[in-house]
1. For residues that are farther than 30 Å from Asp85 by Cα and under 15 Å from the mean Cα position of the chain (by Cα), tally how many sit in the range 56-65.
2. Among the listed residues Asp63, Asp85, identify the single one that is assigned to a helix (DSSP H, G or I) and surrounded by fewer than 11 Cβ atoms within 10 Å (Cβ to Cβ).
3. Could you check the range 105-141 and list, in sequence order, the residues that are farther than 22 Å from Lys57 by Cβ and not in a helix (DSSP H, G or I)?
4. Could you list, in sequence order, all residues of the range 7-44 that are open to solvent by 30 Å² or more (accessible area, probe 1.4 Å), hydrophobic (A, V, I, L, M, F, W, C) and assigned to a strand (DSSP E or B)?
Amino acid sequence: SNKDIILVKQFRLPTMGMNNEDGWLLEIVAGISENKEDEFQTIEREMKEEIGFKPEKLIKIADVHMAPGSVKEFLSIFYAEVSNDTQVSKGGGVDVGEDIKIIRYKYEDLINLLIEGKITDAKTFIALQWLSINKDYIQKN
């Protein structure tokens, strides 16, 4: 339904044995820019690959340094809306070794996972906090 929030569950080896014993991490769609793509081209490509949708509406949430004391990683985080009309494939990832499960959540269930500390990926945590703050605005526009 149009009220669902789509996230991906991906295997992330470095998270095994920490708070996430099995290594599967619940995340927003993410990826690395390729061939001089801009950030909007990157998120659109990654959405098609990982969840099988192209964005119908795309809002940039923030640009953030994830761990400036240890790595140079700099992320652009987006909110995207999709519909049945923008589905282009079944998703699930196209890169070798990429194992992606597509998970749909109702807003309330996902916010409960956030409150319960079940969301441990920083970019996803930021995106869900943004969504909880801006939900009313998004529904009106």
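1. Just the residues of the range 56-65 that are farther than 30 Å from Asp85 by Cα, to begin with: 64-65.
From what's left, under 15 Å from the mean Cα position of the chain (by Cα): 64.
Matching residues across the range 56-65 total 1.
2. Exactly one of Asp63, Asp85 is assigned to a helix (DSSP H, G or I) and surrounded by fewer than 11 Cβ atoms within 10 Å (Cβ to Cβ), namely Asp85.
3. Selection gives Glu116, Gly117, Lys118, Ile119, Thr120, Asp121.
4. Phe11, Trp24
The values are calculated or read from the model by the stated rules, or taken from the named source; none is laboratory data. Not measured: the values here are computed from a predicted model. Every residue, glycine among them, receives a Cβ derived from its backbone with ideal geometry; neighbour counts consider all protein chains shown. Heavy atoms of the whole protein, side chains included, go into the accessibility calculation; ligands, DNA and RNA do not. Shrake-Rupley method; radii C 1.70, N 1.55, O 1.52, S 1.80 Å.
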